[in-house]
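Input: a single structure, listed below in structure tokens.
The values are calculated or read from the model by the stated rules, or taken from the named source; none is laboratory data. Since we're looking at a predicted model, the values are computed, not measured. Neighbour counts run over all protein chains shown; Cβ positions are idealised from the backbone, glycine included.
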Amino acid sequence: MAEQRTVDKSQVIPFGEKLGYALGDFASNLFWMPFILFGNYFYTDVFGISATAVGYMLLVTRIWDTVIDPLVGLIADRTRPRPGLGRYRPYLYWFALPFALVCSLAFFTPDLSPMGKVIYAWITYTAFCVIYSLINVPYSALMSVMSREPAERSSTSFFRMIGAQVAGLIISSGLMFFVARVGGGNEQGQQQRGFFLVMTAFAVIAMICFLITGKTCRERIEPEIKEKGNVEKDLKSVVSCWPWWLLFFVSFFTIAAFTLRFGVAAYYFKYYADPAAVERWGLFQGGAVSAFFTFGTIAALLGVTVFTFFAKTIDKKKMYYILILTSGLVSIYFYYIPNQNITTMIGTQVLFSFLTGPTAAILFAMYTDIAAYMRHQGASASDGLVMSAGSFAQKFGWAIGGSLTSILLGLAGYIPNQPQSETVKEIMRFMMSWAPMITCCIGAFFMVLYPLGSARMAVITKELAERGQK
């Protein structure tokens, strides 16, 4: 059943506001995507620490970071609304500058001993994860109070993903090029300088975008005032919400699928793909991997754009299930592509990305449905806590997928900037193909169990309106 179209004109989100909201995820992904696409490579081949050390750092810090998201959600839900700003928008103003400073420092390579570098990486990366939560969780929760209409939230979520994909396109197509140009070349020291200067410039852009998002967006749903003593009650309401857990597992396995492939791609093209074939795709060995990420991101952006036109009419549950299951099946083909067929690798990634591009938008729209569902069931409004699940699941999937990339490579005997063994190459092939397929299929299984389809949400929205709830 298709979602009902908006009838309450006061809940319609204008195009300009949706565009302003999209800038927030554009800002976030100027740093989320570099860590996803090049983070492991940066820490091993540029920053200069071992793959095993990177793997354990990512595992510990990212799992710890997953605890931060629910805490930020609880705090945000208890923030007193500011006149003219609301409850969640102030966070965009408070943390835009700290976000920029921490992101810049995370890509600075100090002249320290190997252990000193490991410590610096732990501190700055942990700081990045914390500040990312402090600005991104309220940003996500903001969408849940911009309109009570599921169709409007779905449409806004697709705009958000367009912003994210545009940032991803800039990173995938231009980051390594900018790093080489600004740093003066592709030697390790030159890349260290290039990464720091380029990411500092991105940090300034991100700060400005967050401020614009805060300025242009509006909170139409007036939140209830929460008392400090009902934290336990809110946590219990969320933890006991079965749809919340199902969506958590869907999100976790979906992100793990992406992270496994993206985390190993730079190594795959540098060490597994045929050097002569890679060379034909551009400057340095990064030419092929940049093309891989660029065309994939364009396809993902196209996928999000195409499905934006159906955002108010599609059944989100059915659409997600079809997209993620088909993506998993496409992923298997990677295992059988000869290492000199770069064009085939890129073409397969294009199809995979087109199919998976809309999935994040669908998921975040579903989280806003869960917030409405909990209000319908009699729970107090906990939009920040509910929406923190999206970031929580993302980071947990990112933690497992990203750390496994480095840990498996390290255990297989990976040595930076040296020819790799057949065992290492086989691990790279597996993480590009079968591993994403397995995680995609598990995510599809949990989506089958998810109960809040479009028909159910239409009834919930109508009954909330009749009760005078938002």
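Of note:
- Leading residue by the ranking (nearest to Gly174 (Cα to Cα)) among those in the range 45-76 that are touching a Phe, Trp or Tyr at 6+ places or on another chain (Cβ under 8 Å) and hydroxyl-bearing (Ser, Thr, Tyr): Thr61
- Of all residues in the range 416-452, those satisfying the criterion of being under 28 Å from the mean Cα position of the chain (by Cα), in a loop (DSSP other than H, G, I, E, B) and buried (at least 16 other Cβ atoms within 10 Å of the Cβ) are Pro416, Ser433, Tyr450, Leu452.
- Candidates Tyr120, Tyr139 - the one that is among the hydroxyl-bearing types (Ser, Thr, Tyr) and without any contact (Cβ under 8 Å) to a residue 40 or more places away in the chain: Tyr120
Yes/no matrix, rows are residues, columns are (1) over 30 Å from Ala379 (Cβ atoms); (2) within 23 Å of the chain's Cα centre (by Cα); (3) modelled with pLDDT under 85:
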{"residue": "Lys233", "(1), (2), (3)": "no, no, yes"}
{"residue": "Pro275", "(1), (2), (3)": "yes, no, no"}
{"residue": "Gly282", "(1), (2), (3)": "yes, no, yes"}
{"residue": "Phe292", "(1), (2), (3)": "yes, yes, no"}
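- Looking only at residues of the range 307-319 that are modelled with pLDDT under 85 and in a helix (DSSP H, G or I), we find that the one that is nearest to Thr359 (Cα to Cα) is Phe307.
- The single residue among Ala360, Ala365, Ala371, Ala393 that is of a type in the set (Gly, Ala, Ser) and more than 21 Å from Gln165 (Cα to Cα) turns out to be Ala371.
Conditions tested, residue by residue: (1) in a helix (DSSP H, G or I); (2) crowded, with 24+ Cβ neighbours inside 10 Å.
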{"site": "Ala265", "(1), (2)": "yes, yes"}
{"site": "Lys270", "(1), (2)": "yes, no"}
{"site": "Pro338", "(1), (2)": "no, no"}
{"site": "Ile346", "(1), (2)": "yes, no"}
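- Where Gly378 falls short, out of the listed (1) modelled with pLDDT of 90 or more; (2) surrounded by fewer than 21 Cβ atoms within 10 Å (Cβ to Cβ); (3) within 28 Å of Tyr320 (Cβ to Cβ): (1)
- Filtering Ile212, Ile208 for residues that are more than 30 Å from Val46 (Cα to Cα), part of a helix (DSSP H, G or I) and modelled with pLDDT of 85 or more leaves a single hit, Ile212.
- Some residue of the range 82-89 being in a helix (DSSP H, G or I), touching a residue at least 12 places away in the same chain (Cβ under 8 Å) and surrounded by 17 or more Cβ atoms within 10 Å (Cβ to Cβ): yes
- Of all the numbered requirements in (1) surrounded by fewer than 21 Cβ atoms within 10 Å (Cβ to Cβ); (2) at pLDDT 90 or above; (3) of a type outside the set (Val, Ile, Thr), Asn136 misses one, and that requirement is (1).
- Residue count, the range 3-56 (criterion: modelled with pLDDT of 90 or more, of a type in the set (A, V, I, L, M, F, W, C) and outside any helix (DSSP H, G or I)): 2
- Tyr93 of a type in the set (Ser, Thr, Tyr) and closer than 30 Å to Ile460 by Cβ: no
- Of note, Ser172 does not satisfy the criterion of being of a type in the set (Gly, Ala, Ser) and farther than 28 Å from Ser290 by Cα.
- Within the range 156-167, no residue that is among the small types (Gly, Ala, Ser) sits with its Cβ atom under 7 Å from a residue that is outside any helix (DSSP H, G or I) and surrounded by fewer than 24 Cβ atoms within 10 Å (Cβ to Cβ) at 6+ positions apart or across chains.
- Contact annotation: residue pairs with Cβ atoms under 8 Å, 6 or more positions apart or on different chains, pairing a residue in the range 190-205 that is surrounded by fewer than 22 Cβ atoms within 10 Å (Cβ to Cβ) with a partner that is of a type in the set (Ser, Thr, Tyr), are Gln192/Thr109; Phe196/Ser104; Phe196/Thr109; Thr200/Ser104.
- Taking the criterion of being crowded, with 22+ Cβ neighbours inside 10 Å and either touching a Gly at 6+ places or on another chain (Cβ under 6 Å) or without any contact (Cβ under 8 Å) to a residue 60 or more places away in the chain (or both), the only residue of the range 272-288 that qualifies is Ala288.
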